[in-house]
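What follows is calculated from the coordinates using simple rules that are stated; it is not laboratory data. These numbers come from a predicted model, not from an experiment. FYI the Cβ positions are ideal-geometry reconstructions off the backbone, even for glycines, and counts take in every protein chain you see.
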Amino acid sequence: MKVRADVAELLRAGYSNTAIARMLGVDRECTVAPARAALGIPKVKPGFKAAGSIEDLFWRRVRPLDDGHMQWDGYRAKNGVPVLRHNGCNQTAHRVAFRIAHQREPEGRVRPGCDRDGCVAPACQTDRITRAEARKVDALYGAIFGGAA
């Protein structure tokens, strides 16, 4: 059986079948369980497990949607912003998602760059720098092809 590299990596990291299925948007019984058996990795013991990092906590609180975006199922502040608390520090889910996608701290406010309301998918998050770069690309496109992009 050919095992997906991302599934194998998360199995070796100790995640449960359910957590991996949620993170990657795959079927638990058809993709993750057979991969676990093929790799000879024992099932994770049930029970509460503290999140090792804020990124782990992020993945526990999101739900992939059919169109590639993600919905936040965790705590929201009074103003509706999705928030995580890890090791005594609060951070918005958007900032954590940005760090997951870009492997750097965001500059300025982080918000989704897609049209999906409340999306927290790491690939959709933008900061001041990525939005400025997108405006430059749009201007260049307009200069080459005429009109707005």
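For this structure, a couple of remarks:
- Dipole of the chain computed with +1 at Lys/Arg Cβ and -1 at Asp/Glu Cβ about the Cα centre; of GLN71, ILE54, LEU24, farthest Cα towards the positive end is ILE54.
- Farthest towards the positive end of the charge dipole of the chain, among the residues VAL3, GLY113, GLY142, is the Cα of VAL3, using unit charges on the Cβ of Lys, Arg, Asp and Glu.
- Among LEU57, LEU39, sorting on how many other beta-carbon atoms sit within 10 Å of each Cβ, with the fewest leading, yields LEU39, LEU57.
- The rule of thumb for compact globular proteins, 2.2 N^0.38 Å, goes into the C-alpha radius of gyration of the range 54-132 1.01 times.
- In this structure, the amide hydrogen of VAL62, modeled 1.01 Å from its nitrogen in the peptide plane, lies closer than 5 angstrom to those of ASP73, counting only residues at least 5 positions away or on a different chain.
- Each Lys or Arg adds one and each Asp or Glu subtracts one; over the other residues with Cβ under 14 Å from the Cβ of HIS94, this totals +4.
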